[in-house]
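Read the structure below first, then the notes.
The values are calculated or read from the model by the stated rules, or taken from the named source; none is laboratory data. Because the structure is predicted, anything quoted here is derived from the model rather than measured. No Cβ is skipped: glycine too gets one built from the backbone with ideal geometry, and neighbour counts run over all protein chains shown. Only protein heavy atoms, including side chains, enter the accessible area calculation; ligands, DNA and RNA are left aside. Shrake-Rupley method; radii C 1.70, N 1.55, O 1.52, S 1.80 Å.
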Amino acid sequence: MEYVKLKLLDIQPSQFYLSEEKLKAIMAWFDPSNLGNFDPLPVKSLNGRVIFTDGHTRAYAAYRSGCLEVPMVWDEDELSWDLYQICVDACLERGIRNVADLEGRVLPKEEYREKWDRWCDQMQQEANNH
């Protein structure tokens, strides 16, 4: 597995809310001085932007802990890139251009489900109807 050398703040999120529950769990084990147990964050070049395809909460935890770089890898999975583009566009509309912009967007479990999970479900349903 070949690591990608990019700065955390150079990557465009594709998610505009984070789970407070997930963040607390990650902060319990995350050690910025030892990234040995930090699974690489998957990134993808999409329409001229490098985006996170997963691992937004880990990326935010790393950022909050003062990390400028963490292990990343190119995402080789075959995913629905059209749906990711919709997510990236939604982030940009909300002023989210890097993980620092997720400050204030960490939500309790039920609110996260209501605002993020429901938005994703509706977006996917709309995309499937077109």
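Based on this model, can you work out whether MET123 counts as touching a Cys at 6+ places or on another chain (Cβ under 8 Å) and over 12 Å from SER14 (Cα atoms)? Show your work before the answer.
Values: touching a Cys at 6+ places or on another chain (Cβ under 8 Å): yes; over 12 Å from SER14 (Cα atoms): yes.
So MET123 fits the description; yes.
Scan the range 59-68 and tell me whether some residue there is touching a residue at least 60 places away in the same chain (Cβ under 8 Å) and surrounded by fewer than 15 Cβ atoms within 10 Å (Cβ to Cβ).
So the first thing to find is which residues in the range 59-68 are touching a residue at least 60 places away in the same chain (Cβ under 8 Å), and the list is 68.
Cutting the leftovers down to surrounded by fewer than 15 Cβ atoms within 10 Å (Cβ to Cβ) gives us 68.
Scanning the range 59-68, I find at least one residue that is touching a residue at least 60 places away in the same chain (Cβ under 8 Å) and surrounded by fewer than 15 Cβ atoms within 10 Å (Cβ to Cβ), so the answer is yes.
When you go through ASP10, ASP31 one by one, which is the residue that is of a type outside the set (A, V, I, L, M, F, W, C), over 14 Å from VAL99 (Cα atoms) and either open to solvent by 70 Å² or more (accessible area, probe 1.4 Å) or over 12 Å from the mean Cα position of the chain (by Cα) (or both)? Steps first, please.
Numbers: ASP10 fails: over 14 Å from VAL99 (Cα atoms).
Unique residue meeting the criteria: ASP31.
What number goes with the only condition from (1) free of Cβ contacts under 8 Å to residues at least 40 places away in the same chain; (2) open to solvent by less than 90 Å² (accessible area, probe 1.4 Å) that GLN124 does not pass?
Status for GLN124: all satisfied but (1).
Report, by residue number, each residue of the range 47-58 that is touching a residue at least 12 places away in the same chain (Cβ under 8 Å), surrounded by fewer than 18 Cβ atoms within 10 Å (Cβ to Cβ) and either within 19 Å of LEU23 (Cβ to Cβ) or more than 12 Å from the chain's Cα centre (by Cα) (or both).
Of everything in the range 47-58, those that are touching a residue at least 12 places away in the same chain (Cβ under 8 Å), surrounded by fewer than 18 Cβ atoms within 10 Å (Cβ to Cβ) and either within 19 Å of LEU23 (Cβ to Cβ) or more than 12 Å from the chain's Cα centre (by Cα) (or both) turn out to be ASN47, ARG49, ASP54.
I'd like to know if the range 74-87 contains one or more residues that are surrounded by 15 or more Cβ atoms within 10 Å (Cβ to Cβ) and in contact with a Phe, Trp or Tyr (Cβ under 7 Å, 6 or more places away or on another chain).
There is no residue in the range 74-87 that is surrounded by 15 or more Cβ atoms within 10 Å (Cβ to Cβ) and in contact with a Phe, Trp or Tyr (Cβ under 7 Å, 6 or more places away or on another chain).
Under 6 Å between Cβ atoms, at least 6 apart or on separate chains: pull out the pairs that start in the range 81-109 with a residue that is under 18 Å from LYS22 (Cα atoms) and among the basic types (Lys, Arg) and end on any residue that is part of a helix (DSSP H, G or I) and open to solvent by 40 Å² or more (accessible area, probe 1.4 Å).
LYS109/GLU21
Can you work out which of the residues in the range 69-79 that are touching a residue at least 40 places away in the same chain (Cβ under 8 Å) and not β-branched (Val, Ile, Thr) is farthest from LEU41 (Cα to Cα)?
Taking the range 69-79 and keeping what is touching a residue at least 40 places away in the same chain (Cβ under 8 Å), we get 69-74.
Subset that is not β-branched (Val, Ile, Thr): 69, 71-72, 74.
Values: GLU69: 11, PRO71: 6, MET72: 4, TRP74: 8 Å.
Applying the filter and picking the extreme gives GLU69.
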